[in-house]
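Before any comments, here is the structure.
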Amino acid sequence: MGTGLQTGQLYKGLASSTTDSNLALVQSQDHIPGYIYTGGLDWGRSAVDEAGCTAIDPSNDDIMYAVNRFGGVLYKSTNRGASFSGVFSFSSFPGAWNSPVVVSPADPLTLFYGTSRIFRSTTGGTAFADISGILDGGNQALCLGVPSTTLDTLYAGMGPLVNNADVFRWVNGAGWTNITGALPDRYPMDLRVDPTDAATVYIAMGGFGSGHVFKSTNAGATWTDISGILPDAPATSIAIDPLEQREARPLTD
């Protein structure tokens, strides 16, 4: 019996401020609520549940978001994480245990939220519209990726709950395109879009026996395995070096 043993499991979906290096928000297994970092070794208690992604408004650190387990409710803070309140319920459309939410850098009032459907808010999370219907036969979103250069593009990774894992691209006005291509049938854990180029996207894949990090420079039309010498172990997240960015170019379907 591990009396006195101190361990923890932080969930995927840690959010950090774009302006304050001493501010981050994350949720964790069996520790309710989650944790907020404010620069010291002792993290405060914040957020709302033991599971779920978090997000911080890139233009206003007072505004934070957190998702509870199975994506049932989106919670919002307007006081830098001191308190959260539910602003929208997705209980009719349950999602993955750790359902994704992302805030658009192009317009922080625009949020995307993933369950078995993909939703979009243009009101800072107080109202959402279904922009996909049942997207992938009932598979549930595990990750979402948004460009910094446009509001009209979104990438979504769907976990293999009902059928094979798939990755989709949404372009406003053109709808959804399955861009899975030659990607392995593994759990899509994270999607990142180059900050200056909406057509350059990276994806991290879980599972074993395949590549784990892939890159596309043509909006998912083709993918290149860039796993290199990484071990055959699940990849769970990606970060793009802000000093190594591509020249921006328009996204065409």
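The values are calculated or read from the model by the stated rules, or taken from the named source; none is laboratory data. Being a predicted model, the structure only gives us computed values, none of them experimental. Glycine also receives a Cβ, built like all others from the backbone with ideal geometry; neighbour counts cover every protein chain displayed. Note: accessible area is taken over every heavy atom of the protein model, side chains too, but ligands, DNA and RNA are not part of it. Shrake-Rupley method; radii C 1.70, N 1.55, O 1.52, S 1.80 Å.
Among Ala235, Ala174, Ala96, the residue with the largest mean-square fluctuation in a Gaussian network model of the chain, with springs joining Cα atoms closer than 10 Å, is Ala174. Considering the chain, its Cα convex hull presents a mean projected area of 14.5 nm².
3J(HN,Hα) couplings calculated from phi for region 174-180 with the Karplus curve 6.51 cos²θ - 1.76 cosθ + 1.60 (θ = phi - 60°) are, in sequence order, 10, x, 9, 10, 6, 10, 4 Hz; Gly and Pro show x.
Positive contributions from Lys and Arg (+1) and negative ones from Asp and Glu (-1), summed over other residues with Cβ under 11 Å from the Cβ of Asn178, come out at -1. Computed from label points 7 Å out along Cα-Cβ, the spacing between Lys215 and Ser92 is 4.3 nm.
Working from label points 7 Å from Cα in the Cα-to-Cβ sense, the Asn164 to Arg45 distance is 4.6 nm.
With both labels modelled 7 Å from their Cα along Cα-to-Cβ, the Asp62 to Ala233 distance reads 4.3 nm.
These residues, Tyr11, Tyr75, Tyr65, go from largest to smallest accessible area, 1.4 Å probe, as Tyr75, Tyr11, Tyr65. Karplus-derived 3J(HN,Hα) values for region 182-189, using 6.51 cos²θ - 1.76 cosθ + 1.60 with θ = phi - 60°, are 8, 4, x, 7, 10, 6, x, 9 Hz; glycine and proline are entered as x. Near Thr78: Cβ cut-off under 12 Å, other residues only, Lys/Arg at +1 and Asp/Glu at -1. The net charge is -1. Of the trypsin sites (Lys or Arg not before Pro) found in region 180-248, the ones in coil according to DSSP and having at most 16 other Cβ atoms within 10 Å of their Cβ are Arg246. Counting charges near Asn164 (Lys, Arg +1; Asp, Glu -1) among other residues having Cβ under 11 Å from its Cβ returns a value of -2.
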